[in-house]
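Have a look at the structure below, then the notes.
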């Protein structure tokens, strides 16, 4: 949430004004924080798009990590590291993906616990990045490799062998 929304919610819910350095920073720094939060929300949408039109990249995931660190979103770092792990694995970089998956597990255990879906997924990626569902996912979709390409090829072959249409 923006700084103003966070402060208002704290006041309504708990009846106090926050005194932390993030909430008490000057107006210009507060605007920068709000801008980072807005960009985090936009990046999150990209990471959830698994169509061929998705613009998500490992570099965007690293930006997400940096923005979350700058805004001291410690409780959400596991999410940022999870996106980074998936994006790096999605373009075929298993070692960088494993690094981020390990960071996601470390932060996730503290934030959401060992049974959280993201923690379990990241442990699976660590165990076998090449066998994980995210392996080469972005590359395959962008270049239409894999199952989609095989399906298209099969459909093309069927069309070539089909009887030609007779029109009168």
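So the values come out like this:
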read-out: Tally of residues being touching a residue at least 24 places away in the same chain (Cβ under 8 Å), in contact with a helix residue (DSSP H, G or I) (Cβ under 9 Å, 6 or more places away or on another chain) and either farther than 11 Å from residue 40 by Cα or crowded, with 21+ Cβ neighbours inside 10 Å (or both) across region 57-72; value: 6
read-out: Evaluation of residue 18 against (1) in contact with a helix residue (DSSP H, G or I) (Cβ under 7 Å, 6 or more places away or on another chain); (2) part of a helix (DSSP H, G or I) (one fails), failing number; value: (2)
read-out: Filter result for the condition that a residue is surrounded by 12 or more Cβ atoms within 10 Å (Cβ to Cβ) and touching a residue at least 40 places away in the same chain (Cβ under 8 Å), over 33, 2, 54, 76; value: 54
read-out: Candidate set: region 24-56, residues that are in contact with a helix residue (DSSP H, G or I) (Cβ under 6 Å, 6 or more places away or on another chain) and outside any helix (DSSP H, G or I); chosen: the one nearest to residue 85 (Cα to Cα); value: 56
read-out: Condition met for residue 130 (farther than 30 Å from residue 25 by Cβ, modelled with pLDDT of 95 or more and outside any helix (DSSP H, G or I)); value: yes
read-out: Test: residue in region 88-106 that is touching a helix residue (DSSP H, G or I) at 6+ places or on another chain (Cβ under 9 Å), outside any helix (DSSP H, G or I), farther than 14 Å from residue 62 by Cβ and without any contact (Cβ under 8 Å) to a residue 12 or more places away in the chain; value: no
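The values are calculated or read from the model by the stated rules, or taken from the named source; none is laboratory data. Being a predicted model, the structure only gives us computed values, none of them experimental. Note that each Cβ is placed from the backbone with ideal geometry, even for glycine, and that neighbours are counted across all protein chains shown.
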